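S.K.: After the structure tokens below, expect a handful of questions from me.
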Amino acid sequence: MKGLKIISGPCSAESEEQVLRTALAIKDLDIDFFRAGLWKPRTRPGCFEGVGFEGIPWMQRVKKESGLKICTEVARREHVEACLEAGFDMLWIGARTTVNPFQVQELAEALKGSDVAVYVKNPVSRDLELWAGAVERLRNQGIENIGLIHRGFPNFGKSVYRNATEWQVAVKMRMLFPGLPVICDPSHIAGDSKFVPGIAQEAMDIGLDGLMVECHISPESALSDRSQQLTPCQLRELLGSLNIRS
Ligand code: PEP
Ligand code: MN
């Protein structure tokens, strides 16, 4: 889309019907990857923790029937192995995983030898070194197809957003790793769908390379991140209204 990398889809895969209906509703929007979390890293236990391995064939069906490339979050070696086997096109490392060098190292080793795209979200702690270190651990295992996702940093209630934007950290990462796409996840920054378009436009204004936006066929019934997911119609409007400056 307008030269941007666009990743969209629901926070979590909840049912085969939900991922399929969402994918079919957005497949004509020039989306690079369809996302859905299978293993959800919930901050507190007892929330919906994802459907896990059971959702893999649902995503394969999405790929087959919508023609969209598919991606999910991986946090353990077994996730990587199962997703590579299943033909996922991109895997991302979540903010609660990027903070942990042991875990990143395990993922990097599991990814070794594959040419799958890997996106790395900024860590939940505001530490550029951890984010950079994750990229280096992947590169040390020969992984070259890497992207970065700015999803904001905890701001301890000091803003209306769920996480604060720290554009300067994203820009520093671009300077450290020239050539890697740096995209923004306005959904996890916003925490509320009404703030998503404004943050997405800010990301465009500072020249980021794309967006990861959560989109659910019926956000009001979502099992995770209900208030921040866009409907397919809102996603279409958002992508159509972005002002890309040269
Ligand atoms: C997600 O993308 O649904 C997610 C859990 O994101 P983050 O790792 O940014 O919190
Ligand atoms: Mn989410």
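S.K.: Could you identify which residue out of ASP89, ASP32, ASP127 has the top mean-square fluctuation in a GNM of the chain using Cα springs shorter than 10 Å?
M.R.: Of the options given, ASP127 has the highest mean-square fluctuation.
S.K.: For a Förster distance of 45 Å, can you work out the FRET efficiency between the beta-carbons of MET175 and GLU17, rounded to the nearest 0.05?
M.R.: So, using R0 = 45 Å, E works out to roughly 0.55.
S.K.: Identify the chymotrypsin sites (Phe, Trp or Tyr not before Pro) of region 130-177 meeting these criteria: DSSP loop state and at most 13 other C-beta atoms within 10 Å of the C-beta.
M.R.: Working: sites: TRP131, PHE156, TYR161, TRP167; in loops: PHE156, TYR161.
Filter output for region 130-177: PHE156.
S.K.: Between ALA23, ALA170, ALA222, find the one with the highest GNM mean-square fluctuation for the chain; connect C-alpha pairs within less than 10 Å.
M.R.: ALA222
S.K.: How about region 189-246: which trypsin sites (Lys or Arg not before Pro) there are in a DSSP loop, with at most 11 other Cβ atoms within 10 Å of their Cβ?
M.R.: Numbers: sites: LYS194, ARG226, ARG236, ARG245; in loops: ARG245.
Loop-located and lightly packed - ARG245.
S.K.: Right, something else. So which lysines can LYS63 reach, going by Cα to Cα under 27 Å and dropping same-chain residues fewer than 8 places off?
M.R.: Hits, sequence-local ones excluded: LYS2, LYS5, LYS27, LYS40, LYS112, LYS121.
S.K.: Oh, and also: Along the positive direction of the dipole of region 5-55 (beta-carbon charges: Lys, Arg +1; Asp, Glu -1; about the Cα centre), which of GLY46, LEU20, PHE34 reaches farthest?
M.R.: Looking along the dipole axis, the top candidate is GLY46.
S.K.: Determine the gain in length on full extension of the stretch ARG226-ASP192; use 0.36 nm per residue of separation and subtract their C-alpha separation, reporting nm with one decimal. Don't skip to the end; give the middle numbers.
M.R.: Values: separation 34, 0.36 × 34 = 12.24 nm, distance 0.86 nm.
Full extension from ARG226 to ASP192 adds 11.4 nm.
S.K.: What does the C-alpha gyration tensor say about the overall shape of the chain? Classify as rounded when a/c is under 1.5, otherwise prolate if a/b is larger than b/c, or oblate.
M.R.: Note, shape of the chain comes out rounded.
S.K.: How much length is gained if the chain between GLN141 and GLN168 is pulled fully straight, taking 0.36 nm per residue apart and subtracting their Cα-Cα distance, in nm to one decimal?
M.R.: Working: separation 27, 0.36 × 27 = 9.72 nm, distance 2.80 nm.
Answer, rounded to one decimal: 6.9 nm.
S.K.: Mind checking region 1-42 for trypsin sites (Lys or Arg not before Pro) that DSSP puts in a loop (not H, G, I, E or B) and that have at most 14 other Cβ atoms within 10 Å?
M.R.: Working: sites: LYS2, LYS5, ARG21, LYS27, ARG35, ARG42; in loops: LYS2, LYS27, ARG42.
The qualifying sites are LYS2, ARG42.
S.K.: How much length is gained if the chain between ARG236 and LYS64 is pulled fully straight, taking 0.36 nm per residue apart and subtracting their Cα-Cα distance, in nm to one decimal?
M.R.: Details: separation 172, 0.36 × 172 = 61.92 nm, distance 2.22 nm.
Contour length minus the Cα-Cα distance gives 59.7 nm.
S.K.: Just want the ordering: SER12, SER224, SER246, from fewest to most Cβ atoms lying within 10 Å of their own Cβ. List each step's numbers first, then the result.
M.R.: Values: SER12 27, SER224 19, SER246 3.
Listing SER12, SER224, SER246 from fewest to most nearby Cβ atoms yields SER246, SER224, SER12.
S.K.: A follow-up question, please. Within a 10 angstrom radius of the beta carbon, how do PHE48, PHE195 rank from fewest other beta carbons to most? Write down the numbers at each step before the final one.
M.R.: Working: PHE48 15, PHE195 18.
Final ranking by Cβ density, sparse to dense: PHE48, PHE195.
S.K.: Springs between alpha-carbon pairs under 10 angstrom, Gaussian network model over the chain: which of GLN168, GLN229, GLN201 fluctuates most?
M.R.: GLN168
S.K.: Which of CYS233, CYS215 comes first, and how do the rest follow, when ranked by fewest Cβ neighbours within 10 Å?
M.R.: Working: CYS233 11, CYS215 29.
So the ranking, lowest neighbour count to highest, is CYS233, CYS215.
Each reported figure results from applying straightforward, stated rules to the coordinates on display, with no laboratory input. The structure displayed is predicted, hence computed values, not measured ones. All Cβ positions, even for glycine, are placed from backbone atoms using ideal geometry, and neighbour counts span all protein chains on display.
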